[in-house]
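Take a look at the structure set out below.
The values are calculated or read from the model by the stated rules, or taken from the named source; none is laboratory data. What you are looking at is a predicted structure, and each value in this text was computed from that prediction instead of being measured. Neighbour counts are summed over all protein chains in view; Cβ atoms, including those assigned to glycine, are modelled from backbone coordinates with ideal geometry. SASA here: full protein model, heavy atoms, side chains in, ligands and nucleic acids out. Shrake-Rupley method; radii C 1.70, N 1.55, O 1.52, S 1.80 Å.
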Amino acid sequence: MNITFVGGGNMASALIGGLLGRARPGAAGGSTDTPRITVIDPEPAQRERLGREFGVSAVAGLAPGAAPCDVLVLAVKPQQMREALAPLAAHARQALVISVAAGIRAADLARWLGGHTRVVRTMPNTPALIGAGITGLWASPELPRADRELAQRIVNAVGESLWVEQEAMLDAVTAISGSGPAYVFFFMEAVHAAAVRLGFTDEAARQLTLATFRGAAALASNSTDPIAVLREKVTSKGGTTAAALAVMQERELAAHVGDAVAAACRRSVELADEFGRDPG
């Protein structure tokens, strides 16, 4: 299979590494068929890194008459997408197009690709860099099942995946899991700072914080209990956890989190309107 990546940044690198790792004989869930990968990136240093790390072909642009690809993965910044796609319509004619760029709607991608409709939009998140990501996917109901399965196999190279039924739900995916790691890091920062104020060294505070979040996430992942039940199991009436949660409830922390996520979702919609606008 010939896969062309447009853009060679972090998310493209994660997908390339995942795909090549899964393709090696004996790799978990993998295949013995190694894809032929080409990356288009304007930065010489980026191209050199990609070639060195992954052994892939990295080029500044496609040569005239380049063979069409089977899959075209769009991994450039949203504001660069329209310009990046301008010379690729012919190359993508027979390809399944997978976009990992936030905020660019399928109709805009199709228009910039000369009416191409075999498009899957995805929203990955940064834990994909260590193979622990979650990716939301959407495609038109008319897209063949084989294309859906291929797109899901590709994004599953860096973690889990979830299909949504309406394209607009990708804005919600962006707000929950796309931006979500930053929410977790923000809370981790606050817990780390509190540990330091209580007298721990920075190193000890970091160890306690990371182990707590890692363990809590693992416990939730390995339990069938709702998250609320897991919280209740840690909270003894009149105990230390109850004292902490009482402050959070008094300050309406959950409501503020909801407001923050809603703001992220609204901003995703606004950016889609902005990025999809043709200059006029």
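Structure notes:
- Extension gain for Asn10 to Phe213 (0.36 nm times residue separation, less C-alpha to C-alpha distance): 70.7 nm.
- Once both labels are positioned 7 Å from their Cα atoms along Cα-to-Cβ, the gap between Ala107 and Leu150 label points is 2.6 nm.
- Whole-percent carbon and sulfur share, accessible surface of the range 57-121, 1.4 Å: 52
- Highest-MSF residue in the chain out of Ala60, Ala175, Ala12 [GNM, Cα springs under 10 Å]: Ala60
- Cβ-Cβ FRET estimate between Ala67 and Ala45, R0 fixed at 25 Å, reported to 0.05: 0.40
- For the range 173-280, the fraction of 1.4 Å probe accessible surface lying on carbon and sulfur atoms is 63 percent.
- Principal axis extents of the C-alpha atoms in the range 33-167 (largest first, rounded to whole Å): 39, 35, 32.
- Convex hull volume of the Cα atoms of the range 186-240, normalised per residue: 91 Å³.
- Point-charge dipole on Cβ atoms (K/R +1, D/E -1) for the chain, about Cα centre, debye to 20: 440
- Expressed as a fraction of 2.2 N^0.38 Å, the value expected for a compact globular protein of N residues, the C-alpha radius of gyration of the range 231-276 is 1.82.
- Rounded D (µm²/s) - the chain, Kirkwood Rh over Cα pairs, Stokes-Einstein at 4 °C, 1.567 mPa s: 62
- Distance between the pseudo-spin-label points of Lys237 and Asp33 (7 Å out from Cα toward the beta carbon): 6.1 nm.
- When shorter helices are ignored and each DSSP H run of at least 4 residues is given -39500 (n - 2.57), the per-residue value for the chain at 222 nm works out to -15000 deg cm²/dmol.
- Virtual paramagnetic centre 7 Å along Cα→Cβ of Glu167, amide N under 15 Å, in the range 260-280: 269-278
- Fraction of the pair-distance distribution of the range 151-212 above 14 Å, Cα-Cα pairs, percent: 68
- Taken over the alpha carbons of the range 142-280 as equal point scatterers, the Debye sum produces base-10 log I(q)/I(0) values at 0.10 Å⁻¹ of -0.54.
- Derived value for the range 32-90: Kirkwood hydrodynamic radius 12.7 Å. Basis is the mean of 1/r over every pair of different alpha-carbon atoms.
- Largest GNM mean-square fluctuation among Leu170, Leu208, Leu129, using the chain with Cα springs under 10 Å: Leu208.
- Modelled this way, with points 7 Å down the Cα-to-C-beta line, the labels at Ala244 and Ala262 are 2.8 nm from one another.
- For the range 65-124, fraction of C-alpha pairs farther apart than 12 Å, in %: 62
- Solvent exposure of the chain as accessible area per residue, Å², 1.4 Å probe: 57
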